[in-house]
Structure formats: C-alpha cells, structure tokens
C-alpha cells in the first residue's frame, strides 16, 4: 500500500472511493510528498569480484560485500557499469575525479592554484556545480537550510578533499565532526517546531489540495450517483484538512553524539542525518567519508592496521584484495545503518523518512589499483516518495555517471534537464530506475 493511500484512508471513505475511482490512486501516488536527496560518498571504488552480484535484474544474489543490504533489498538499485569521464587529457587519479563525481564537469587544468610535482601538473578547483546545489536552487525549498553537508575527516581545502560545489570554483565545507555538527544544527538557533510545522503544511498541501483539485476536474464527467459518492469523499477530505490546520508535527530531536571514534563517527553522522530530515531542517544533504587522495587511514577493526587504505588500494595481490573486501563490506554495513536510521524515523504521514528519500552512494573511481574509471560503483536506495523502482541489479554499458545526476534531478521533480555537466555526451536519466 502506498504512503499516499494510507494517508487517504484516514479520511474515512477513502477505501471505497479508491475502488470506485481508480484514477484517485494513480493521482495520489503522482502527488506524493516531495522527496529528499542524500549524496553519500566513500573513497577508492571497490573490489569488483567481491562487489558484483550474480543472477538477473530482479532475481540477483547479493555479493559478499553487499550482503548486509538484504534487509533493504526491495529499496535498492545496484548499478554495475557506470563510466566516469574526467574530461581532461591527463588524469591525476583521485584528485581530478573528486570534483567530477557530483558535478559531471572537469577540474580546472588551466589554473596554477595547486601543483603536483610528482605529476608535473598544476590545477584548480572544479568547473561545475554539484547536482544537489542545482536542485536546491531550482526548488528553493522553504527549510531552515537549503542544503546540509556532513562528512568525516574531510581534510583541508583541496580539490581532492571537497565534493560539493555551490558554483564553479566554489566548494562547500562539510561539518565533519559529529559533535560540532550537532551543536550547529540542533543547538537552539533553529526552531524545530516551526520546521516541523512547515513540513506538515507541505504534506497537507501536496495531499489534500491536490486531491480536492483533482476531484473537481473529474466531477463533471461522472453520473449523478458517482458525483454524490465523490462529494461524500471530498467532504471527508475537507474535514481532515480542518483537523490538521491547527496542528504541527513535532520531530524527535537526536541526542548529542557520544562515543565518537574513527569506528563509530560515521554512524553518529547517520543518526544526525535522520534527525535533520525527520525534523525538516533540509530536504537535500550530503555525506563525505574522508578524502579522495592519500587517504591512508587505518581500519584496525577490519584488519587494515598498517599501510592505510589509499596505499593498500594500489596493491593487486589476493591478501590485499581480501583486506580491502573486508573494508568495503564494513562500508556497506555503515550504509545499511544509515538506511536503518532513516527507516526508523517517522515522516509526517506515518511512513518513514526513508520512504520519501533518495540516497545515492558513489565513489571517485572504480578500481583502486588500476585507477580505472570504466566501472564506478553506484547504489540508489530508499523510496523517493514512491518513485524509485527498487529490488534491482542493473548492468549497463557505455553509460556515463552523468546519467545518475540526471536521475537525481528527475527524482526531485526536475524533468526538463536532459544533460548534466560539461562532460555529458548522453541524455536522460538511468533507464527504468524511476517510475
């Protein structure tokens, strides 16, 4: 049962009305709560023979790295075969592709702001705007924050350490400490009651106003008996509207994060993301785990206790692949924890925040030891207000990552953009991903 159908059922006569007038359910689904968007990043691609699933598009078997996604299987689309075009003649791995990930546009190779002596190359910032910022500008959401950027250990100002661009050459700095993020976002400067009320009003308008307008457009086409039934249903909707007008939905504010370590910090940020969406602070957010170049962090809890992730990703022996697979499996578990938290956070209509959110997980390259961009892993998850066709494993060919960016626009209701970024040579979103 769709979230919209459950909401209409609260009007009393909805079940009979949906049976008598099937167009009501189609219209209700189309007018669902506007979705939220979360861009999620982890570094250095994956180990493909441990990431790639087996089986068909819907009857696939999850791989060892992705096994913990099983509980959210029907809410995910796993994409195999996305190719990134870095848009430059010469490619400095990691650094040149971090700006491309969400902008679809290359780094500035004419600038001398930064230089790499080991590559004898200089460069500047990215030349595009990331898709989340474009969406925020187009939608102008009436939330306390147009967008919110979170992360963990994202480093200083450098093109390999920033993924969100408000405009060409201008990055947004993520809040990469959970305690500081909590203090800034939930420290009292924002009226959470007002944010929740605005969120409830958005829901009321998107459901009730749309439904009542649709009733009027169809009424003249019906016979007298059906008109009477529709009028009865419309009256119940108006009664529900009146009962909602003086109320607001108060969110459950997350608690201040504690026990923040390298192993737990990602989960603490995920808890904040659930609170951010649940309390209506924004509809558009991003999360960046660490950085794209020279990320030599250790992960002793998965057996990576020397060398560091970046260094190890350059090796190509079986023992290295086994260790990296454990790390990427842990990344998946963190992603699943995020989905769990979103699923456990109620939305204003009684569904979950996850039901009304599109989460896109990507990386800055496909395979670490070859620095290949021929297959960059992407996973789309959530419900996107009924728009994501989950439970699928898609194998694509000759498909640029720009298609994911257009899909994000389409999921958020922006359907007049066929291309995104200056590297884009295709058009449209990923075929069949959205309803």
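The values are calculated or read from the model by the stated rules, or taken from the named source; none is laboratory data. Remember, predicted model here, so these are calculated numbers, not experimental data. Quick reminder, even Gly has a Cβ in these numbers, built from the backbone with ideal geometry, and neighbours come from all protein chains shown.
Would you confirm, using the coordinates I've provided, whether residue 347 is surrounded by 22 or more Cβ atoms within 10 Å (Cβ to Cβ), at pLDDT below 95 and out of contact with any strand residue (DSSP E or B) (no Cβ under 8 Å at 6 or more places or on another chain)?
Against the criterion (surrounded by 22 or more Cβ atoms within 10 Å (Cβ to Cβ), at pLDDT below 95 and out of contact with any strand residue (DSSP E or B) (no Cβ under 8 Å at 6 or more places or on another chain)), residue 347 qualifies.
Might you check whether a residue that is in contact (Cβ under 8 Å) with a residue 40 or more places away in the chain and part of a helix (DSSP H, G or I) occurs anywhere in the stretch 296-309?
yes
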Single residue of 266, 273, 260 found to be within 14 Å of residue 182 (Cα to Cα) and under 14 Å from the mean Cα position of the chain (by Cα): 273
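Can residue 325 be described as in a helix (DSSP H, G or I), more than 23 Å from the chain's Cα centre (by Cα) and touching a residue at least 24 places away in the same chain (Cβ under 8 Å)? Walk me through it before giving the result.
Values: in a helix (DSSP H, G or I): yes; more than 23 Å from the chain's Cα centre (by Cα): yes; touching a residue at least 24 places away in the same chain (Cβ under 8 Å): yes.
So residue 325 fits the description; yes.
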Output the number of residues of the stretch 46-99 satisfying the condition of being more than 17 Å from residue 334 (Cβ to Cβ), part of a helix (DSSP H, G or I) and touching a helix residue (DSSP H, G or I) at 6+ places or on another chain (Cβ under 7 Å). 0
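Can you tell me which of 330, 369 is without any contact (Cβ under 8 Å) to a residue 40 or more places away in the chain and surrounded by fewer than 23 Cβ atoms within 10 Å (Cβ to Cβ)? Quick ask: steps written out before the conclusion?
On the way: 369 fails: without any contact (Cβ under 8 Å) to a residue 40 or more places away in the chain.
Only one candidate passes the filter, namely 330.
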If I filter the stretch 54-67 down to residues being touching a residue at least 40 places away in the same chain (Cβ under 8 Å) and surrounded by 18 or more Cβ atoms within 10 Å (Cβ to Cβ), which single residue comes out as nearest to the chain's Cα centre (by Cα)? 66
Considering only residues that are at positive phi and outside any loop (DSSP other than H, G, I, E, B), look in the stretch 386-430 and name the one that is farthest from the chain's Cα centre (by Cα). 398
Positions within the stretch 378-399 being touching a helix residue (DSSP H, G or I) at 6+ places or on another chain (Cβ under 7 Å) and more than 21 Å from residue 34 (Cα to Cα), in sequence order: 378, 391
Residue check: is residue 375 under 19 Å from residue 99 (Cα atoms) and in contact with a helix residue (DSSP H, G or I) (Cβ under 9 Å, 6 or more places away or on another chain)? yes
Exactly one of (1) in contact with a helix residue (DSSP H, G or I) (Cβ under 6 Å, 6 or more places away or on another chain); (2) not in a strand (DSSP E or B) is unmet by residue 166. Its number? (2)
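Yes or no: residue 119 part of a loop (DSSP other than H, G, I, E, B), under 17 Å from residue 362 (Cα atoms) and over 19 Å from the mean Cα position of the chain (by Cα)?
no
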Being without any contact (Cβ under 8 Å) to a residue 60 or more places away in the chain, farther than 18 Å from residue 361 by Cβ, touching a helix residue (DSSP H, G or I) at 6+ places or on another chain (Cβ under 9 Å) and surrounded by fewer than 20 Cβ atoms within 10 Å (Cβ to Cβ) is the requirement here; does residue 113 meet it? yes
When only residues in the stretch 116-127 that are surrounded by 16 or more Cβ atoms within 10 Å (Cβ to Cβ) and touching a strand residue (DSSP E or B) at 6+ places or on another chain (Cβ under 6 Å) count, which is farthest from residue 164 (Cα to Cα)? 123
Taking residue 195 as meeting all but one of (1) at pLDDT below 95; (2) over 26 Å from residue 266 (Cα atoms); (3) part of a helix (DSSP H, G or I), write down the number of the exception. (2)
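Okay, residues lined up against (1) farther than 26 Å from residue 173 by Cβ; (2) at pLDDT below 95; (3) exposed (fewer than 13 other Cβ atoms within 10 Å of the Cβ); (4) touching a strand residue (DSSP E or B) at 6+ places or on another chain (Cβ under 6 Å):
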| residue | (1), (2), (3), (4) |
| --- | --- |
| 204 | yes, yes, no, no |
| 216 | yes, yes, yes, no |
| 233 | yes, yes, no, no |
| 239 | yes, yes, yes, no |
| 250 | yes, yes, no, no |
| 271 | no, no, no, no |
| 280 | no, yes, no, no |
| 285 | no, no, no, yes |
| 290 | no, no, no, no |
